Amino acid sequence: MVTGVGLVSALGENRHRTWERLSAGETGIRPLTLFPTAGYRSRTAAQVEEHRLDLTGIPSQALAHASRASRFALAAAREALEAAGLAPVNGADWAVVFGGGAAGLFEAEAFVAHRLARGPKAKGVVAFCEVPQDTPADRVALAWQLSGERITVTTACSSSTIAVGLGAELIRQGRAEVVLAGGADALCQLTFAGFNSLRAVDPQRARPFDRRRQGLSIGEGAAVLVLEREAAARKRGAKPLAVVLGYGVTNDAYHMTQPEPSGEPWARTLRAALADAGLSPEDVGYINAHGTATEQNDPAECAAYCKVFGNALARIPVSSVKGAIGHCLCAAGGMEAAITVLALTSGVLPPTVGCEELDPACPVDPIPGKAREKRVEVALSCSFAFGGNSAVLALGRAA
């Protein structure tokens, strides 16, 4: 059961601000200021306003020399724990399961640039820290003295989707009483340059499912979901937000960056999630899509939905939030799962910001413009990543 959600995005420093702006159809994609972008195909990104983060109450040792990604994770974890009404009381029974990617690479790039410019004996050398992908999870565990299992998943854009599913599995298996699950990722020059070299980015901003789309927009941020045993949560009077009903994970090994165009591998992931949750396609009321806004991904993803849902797809809204918060890489799935939980609890479905002229190859209802009021009982949160690493979460509205 999900009892708390924390969220940091380019739209806002917490879940309330992010949800408010997302529902209004706003975008956080704007000119990138973290590093020079001259010469790139795109000069925009969904950059977090770091100075707005609320890090109140987080121990100084956890914040010391922390990277951007770790600060995002700490802010999201603090918010999620506060929302759940929890303070760690038995760290040995608390697990942290995160999706991780660039971690402190932005800071490492600054260190290297400093050394190259001034030499190894330069005064005031930039701190070099937190390059390993597991450091955001380590910082969260350090801040709240959690000594239970600590796992970092790195499977590209599906990393934190898998992390949430794995966190729920730890609860099911009795290996943890509480799990902080999600992920954090931050912009860096290597990532930005890589996607530009692939010509996978839109020069302006992402427009998922739109026939004029030209690529994705890179983003950054973090999300943390507090997962608990239902009996324990209800016993302490916690207000449940949602339930992780099941998840599916597959790998098609088709290509390092391109999707298999028929959509069949992703259809297998969808079917695996439904089977794990004991659901049929008719049970699903909303799909939070991967929706990268690239030429190849959107049609392949929609083909997968057509294979699984058939004629029922006409009644299922399918939206992508990447036109609003960007593609947040290894944090994307966790952030989208958090937004899906907010959709279930509020009875409001988020829009596909930027979709104005639907591509005929994407026969879905993308919720264009602004959010739509609709209460649903079951939703899917989907991540179809590089290297064929795919994952789907089945989430249910809490009773």
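Observations on the structure shown:
- Neighbour counting of Cβ atoms within 10 Å sorts the residues 374, 235, 307, 322, fewest neighbours leading, into 235, 374, 307, 322.
- Cβ crowding within 10 Å, taken as a proxy for footprinting-reagent exposure, orders 154, 294, 257 from fewest neighbours to most as 257, 154, 294.
- The label-point distance for residue 112 and residue 234, in a model that sets each label 7 Å from Cα toward Cβ, rounds to 5.3 nm.
- Here the residues 335, 256, 1, ranked from fewest to most Cβ neighbours within 10 Å of their Cβ, fall in the order 256, 1, 335.
- Structure-based [θ]222 nm, the chain - -39500 (n - 2.57) summed over DSSP H runs of at least 4, per residue, nearest 500: -9500 deg cm²/dmol
- Extension gain (nm, one decimal) between residue 54 and residue 361, 0.36 nm per residue minus Cα-Cα: 106.3 nm
- Counted as membrane-span-like here are DSSP H helices of the chain whose alpha-carbon atoms extend 15 Å or more along the helix's own axis and whose Kyte-Doolittle mean is -1.0 or above; these are 68-84, 105-118, 159-172, 264-277, 297-309, 332-346.
- Label-point separation in nm, residue 370 to residue 306, each point 7 Å along Cα→Cβ: 3.3 nm
- Cβ-derived FRET efficiency at R0 22 Å, residue 30 paired with residue 65, nearest 0.05: 0.20
- When the C-alpha to C-alpha distance is required to be over 25 Å, the pairs from 235/374; 322/370; 307/370 that qualify are 235/374; 307/370.
- Shown is the FRET efficiency for residue 283 and residue 345, computed with R0 = 25 Å from the Cβ-Cβ distance and rounded to the nearest 0.05: 0.85.
- Candidate values (i) 21.5, 65; (ii) 19.7, 67; (iii) 25.7, 87, label of the one derived for Rg and Dmax of the Cα atoms in Å: (ii)
- In this label model, residue 211 and residue 296 are separated by 2.4 nm, measuring between points 7 Å along each Cα→Cβ vector.
Rule-based calculations on the coordinates, nothing more; no lab input. Just so it is clear, the structure is predicted and the values come from calculations on it, not from any experiment. Counting neighbours? That spans all protein chains shown, and the Cβs are built from the backbone with ideal geometry, glycine included.
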